Amino acid sequence: MRALQQPVLQYRWQVKETNAGAQLVYFGLRNPPNHTRSIIPLPRELADRLQLLDGRTAVDDLPSDLTGHEMYTQLIAEGIIVEAREVRQPSSRDNFQQCVRCVTNDYVLPGLEFDANGLCAFCQCYELAERSGQGLVLQDGITDEDLIRISSENTGSRFDVMVLYTGGKDSTYLLWYLAKKLGLRVIVGSWNMPYTNDTCRENMRRAMRILPNVEFVEHTLPWSMVRQAMHDQFERVGHPCLCPTVAHALFYPLAVQENIPMIMHGVEEVQLAVMNYVMTEIRSGQPHKERAPDHRADTLNFLRMITKAAEPQQPYSVNANLLQHMSSVRDLLAPVFRPLDDILTRAENDPNMPVPILRRLKSNAAYGSWAKAVELIKQEMDWQMPPGQKGLLHTSCRIEKVKDYCQFKRFQGAGAAFFPQAIVELGAGVYFGLVSREDALEELQESGYYREPQALSALIRDLGIDPGQGQVTGGMSWTLGK
């Protein structure tokens with residue numbers, strides 16, 4: 001191993017203090033197999049000494065208890081400590097590297113690594129899964145045969161399935177699929193969220209007319225409650241979003257009351273690809289393994305996560321932001337979650353208590369592509385896109401670009417290790433054949449990553465936030481309106 005003359009931590013590596021002690025954290029995604037090694041526990045003495053690596057101090061002037069430490073040598077071997085002139089420089093919106101297969105890039109995702117052929121670390125993870133024979137595993141994905149069987153065995157409820165519905169592409173397709181294609185007895189639960197766009201509200205009204213055998217239930221919360229929760233959520237986790245956690249709190253008790261066997265999400269497989277093949281391996285350091293499904297246990301685990309999740313012990317893990325989001329929403333809207341808390345307590349105390357199980361459609365196989373899915377629901381459900389929008393990834397929320405912008409700002413500033421969602425989901429959509437690379441690149445330009453969204457100023461005004469107020473979240477700060 002060559003000696004370094006002016007050693008420094010490579011770009012996007014930072015020493016962080018946590019409740020678990022000092023850690024060396026990578027804010028990005030490394031190439032496999034190093035993608036599982038993004039958080040490295042540090043001995044106290046080494047953590048303090050690593051702060052001396054400024055890229056200007058010569059190695060001979062550094063303390064021997066740093067340069068002589070066994071772990072110091074290991075970090076050099078891994079390329080985590082490098083020569084100052086070898087530190088990667090931040091990309092800009094006009095000069096970045098983009099994956100040769102999907103659409104991810106190292107401007108929106110600083111710290112994203114690529115192999116020698118220009119393939120991003122995400123695509124490499126997906127390839128590893130395919131080579132291992134796992135393919136795209138969706139453990140709670142359900143087949144038509146299972147859906148029909150559940151319906152035929154259901155004698156205790158007026159409904160076979162509840163659909164959590166927004167009026168967007170995915171939930172509209174799901175509603176059509178269950179109610180019209182398979183002829184199941186469906187009840188729709190729709191949270192009238194103030195920032196649902198008007199087009200999707202109209203899509204809901206048309207769905208009611210087109211599906212007269214489907215029962216629609218709409219739930220609202222007081223605007224004062226939603227406004228305060230969104231205001232406080234912005235301060236806590238760096239973005240104002242409350243969905244979809246609240247929808248489960250609002251409608252799961254109704255499903256229990258009606259003895260409905262299952263609840264279906266309009267969540268796509270591409271939204272789970274990162275969880276299955278990137279985040280799982282980061283958490284465990286081991287490849288994802290398929291296991292025998294236990295849908296009741298999985299459902300209760302999910303409910304436990306959204307009702308009882310504590311602040312994550314590892315605040316810089318990739319999934320920490322998700323846990324922080326759920327924990328914060330529950331705390332801010334605690335009265336809304338009490339019925340769900342009671343159900344969970346009863347179910348945990350009574351293993352024979354029937355509970356509605358949470359399932360998802362195998363959307364990749366069902367859709368064929370996003371364009372085909374949209375063509376079908378336009379024909380079958382008279383579904384409409386929001387005016388001026390071309391992208392098909394998220395179609396129901398007026399402040400989706402604000403979420404993009406906030407996630408990007410936090411990730412760029414190393415305030416969170418959670419990847420900005422939309423670009424990763426678009427990349428997965430390209431990889432798994434749901435959207436062409438050209439269309440995904442065009443949709444990426446519509447996102448909230450490259451410019452401050454117009455919706456941001458109106459939102460912060462609605463929420464009573466000072467536009468000049470600095471947002472301090474996760475150890476980083478940024479100013480709204482800049």
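The values are calculated or read from the model by the stated rules, or taken from the named source; none is laboratory data. Bear in mind the structure is a predicted one, so any value in this text is a computation, not a measurement. Reconstructed Cβ throughout: ideal geometry from the backbone, glycine too, with neighbour counts over all protein chains shown.
Report yes if some residue within segment 167-187 is surrounded by fewer than 16 Cβ atoms within 10 Å (Cβ to Cβ) and under 25 Å from the mean Cα position of the chain (by Cα); otherwise report no. So far as segment 167-187 goes, no, none of its residues is surrounded by fewer than 16 Cβ atoms within 10 Å (Cβ to Cβ) and under 25 Å from the mean Cα position of the chain (by Cα).
For (1) within 21 Å of ARG201 (Cα to Cα); (2) of a type in the set (Gly, Ala, Ser); (3) not in a helix (DSSP H, G or I), each residue gets a yes or a no:
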| site | (1), (2), (3) |
| --- | --- |
| PRO351 | no, no, yes |
| GLY388 | yes, yes, yes |
| LYS403 | yes, no, no |
| PHE408 | no, no, no |
| PHE411 | no, no, no |
| ALA417 | no, yes, yes |
| VAL424 | no, no, no |
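If the condition is being closer than 30 Å to ARG227 by Cβ and either touching a strand residue (DSSP E or B) at 6+ places or on another chain (Cβ under 8 Å) or assigned to a helix (DSSP H, G or I) (or both), then segment 353-386 contributes only LEU358.
Evaluating ASN117 against the criteria (1) in a helix (DSSP H, G or I); (2) of a type outside the set (Lys, Arg); (3) modelled with pLDDT of 95 or more leaves one unmet condition, (1). Just one of the numbered conditions (1) part of a loop (DSSP other than H, G, I, E, B); (2) in contact with a Ser or Thr (Cβ under 9 Å, 6 or more places away or on another chain) is not true of ILE465: (2).
Scanning segment 250-274 for residues that are part of a helix (DSSP H, G or I) and within 20 Å of SER396 (Cα to Cα) yields LEU250, PHE251, VAL270, GLN271, LEU272. Residue check: is LEU66 over 25 Å from the mean Cα position of the chain (by Cα), hydrophobic (A, V, I, L, M, F, W, C) and under 24 Å from VAL318 (Cβ atoms)? When the stated conditions are applied, LEU66 does not pass them. Among the residues of segment 235-278, the ones that are out of contact with any helix residue (DSSP H, G or I) (no Cβ under 8 Å at 6 or more places or on another chain), crowded, with 21+ Cβ neighbours inside 10 Å and at pLDDT below 90 come to 1 in all. Between TRP370, TRP383, the distinction of being over 21 Å from the mean Cα position of the chain (by Cα), buried (at least 23 other Cβ atoms within 10 Å of the Cβ) and at pLDDT 90 or above belongs to TRP383 only.
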